[in-house]
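A short worksheet on the structure shown next.
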Amino acid sequence: MAEDSDVEEKSGGGGKILLIVGLLAGLGIGGGAVFFLLPQGEQGEAVEEEVEEKVPAELTSITFEKMPVPIYRRHNGQARFIGNFFIDLDVNVENDENAVKVRRSTTRLKHAFLSEIGTGHLMREDSPTELDVNRAGKVLASAANKVLGDDTVHSVSIITAIRTTN
C-alpha cells in the first residue's frame, strides 16, 4: 500500500508541473504575438502626433440647406435625368474670422457649389446614380477655397442627402 500512495503522489505532481509549464508556454507565445502585432512605441507615437497636428481645436460650421444634385443615368453616350439628391452641408472653418468670411460670401459659395455639382464629379464611380459623400466633401471644399482663398475652409461635410426621383 505504501507503494501505491507514492505512485499517486508522483503522478499527480507531474500533472501539475506539466499544466504549469503549458500555461507559461502559452502566455509566452501570446505575449510574443502581441509584441510583434502591435505597432512599436516610437512609430505609434509619431502617427498620433501627426494626427493631432492636423485636427484644429475647434471648428465652426456654417450650414447650406437643400442644394440640388442632379442624377443622370448614362446609356449609349446619352444622359437621361432621373431625379435629384437634395443635400444639406456644413462648411467647417477654424476661426470666427473665416466664419464671417463664409457668411459674407454665401451667394458666391452657392454658385461655386452648383458649378461643381453640375460637372457630375460627386457621384460614385462604381454606381453613377449614387452620391459619393467623401468625394463630394473634398470637391466642394476645394471649390470653396477657390472662392475664399486657400486654407479658409477646413472641410465640407454632407449632413443629409435625400433622393427624389421622377
Practice prompt. Identify the residue in region 60-106 that is basic (K, R) and over 24 Å from K146 (Cβ atoms) and, among all such residues, is modelled with the lowest pLDDT.
Written response: R74
Discussion item. Quick check on region 41-59. Is at least one of its residues modelled with pLDDT of 75 or more and either closer than 30 Å to T165 by Cβ or part of a helix (DSSP H, G or I) (or both)?
Written reply: no
Discussion item. So, in region 119-166, how many residues would count as being in a helix (DSSP H, G or I) and closer than 28 Å to R80 by Cβ?
Written reply: 9
Practice prompt. Collect the residues in region 99-117 that are hydrophobic (A, V, I, L, M, F, W, C) and open to solvent by 40 Å² or more (accessible area, probe 1.4 Å), keeping them in residue-number order.
Written response: V100, L114
Response to the item:
Of the residues in region 118-157 that are at pLDDT below 90 and of a type in the set (V, I, T), the one that is surrounded by the most Cβ atoms within 10 Å (Cβ to Cβ) is T129
Fill in: Condition check for F86: among the aromatic types (F, W, Y), closer than 20 Å to S61 by Cβ and surrounded by fewer than 17 Cβ atoms within 10 Å (Cβ to Cβ)
yes
Worksheet item: Hey, any hits in region 63-78 for a residue that's surrounded by 18 or more Cβ atoms within 10 Å (Cβ to Cβ) and farther than 21 Å from T165 by Cβ?
Response: yes
Worksheet item: Hey, among R80, R103, which residue is among the basic types (K, R) and outside any helix (DSSP H, G or I)?
Response: R80
Item to complete: Please specify each residue of region 64-101 satisfying the condition of being polar (S, T, N, Q), touching a strand residue (DSSP E or B) at 6+ places or on another chain (Cβ under 7 Å) and over 13 Å from L140 (Cβ atoms).
Response: N84
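The values are calculated or read from the model by the stated rules, or taken from the named source; none is laboratory data. Not measured: the values here are computed from a predicted model. Cβ atoms come from the backbone with ideal geometry, glycine included; neighbour counts cover every protein chain shown. We work out accessible area using only protein heavy atoms, side chains counted, and drop any ligands, DNA or RNA first. Shrake-Rupley method; radii C 1.70, N 1.55, O 1.52, S 1.80 Å.
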